[in-house]
1. Given H placed on each backbone N at 1.01 Å, which residues far from L19 in sequence or on other chains put an amide H within less than 5 Å of it?
2. Net charge within 10 Å of G91 by Cβ-Cβ distance, Lys/Arg positive one each and Asp/Glu negative one each, not counting G91 itself?
3. Just want the ordering: R88, R31, from fewest to most Cβ atoms lying within 10 Å of their own Cβ.
4. Hey, fewest Cβ within 10 Å first, where do V24, V50, V42 land in order?
Amino acid sequence: MDLDRAGLADFLRTRRGALQPEDVGLPRGQRRRTEGLRREEVAALAHMSVDYVARLEREVGPQPSPQMLASIAQGLHLSRIERDHLFRLAGHEPPATGVEGEHVAPGLLRVLDRLDDTPPRS
């Protein structure tokens, strides 16, 4: 498989723009000029540098590793189908689907992200 830099960049920008901070458990904050998530927010969610996210979106930089792609998929709350598409755009085979997979469904991630709003049980 070949790396599709333009497709990968477009996919990442589109997914970032489609998510709101509250979709991923982040506070909205004030004075947002950007629709969707900021690059800084994606970087924090995916445990990578803002520069790395920016380079991917600008179609430059190295080919992302499967580990980086898994972090991006988790950070952007991608479905399994979207995650597999991300891997293919980056020139990698998607991880095998199985019982022991590390991918967490977006719905479960939303529930987990909101747990800090839940009062402790007495």
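1. Amide H neighbours of L19: L37.
2. -1
3. Result, fewest neighbours first: R31, R88.
4. Fewest-to-most ranking of V24, V50, V42: V50, V24, V42.
Rule-based calculations on the coordinates, nothing more; no lab input. Values in this document were obtained by computation on a predicted structure and should not be read as measured data. Here the Cβ is made from the backbone with ideal geometry for all residues, glycine too, and neighbour counts use every protein chain on show.
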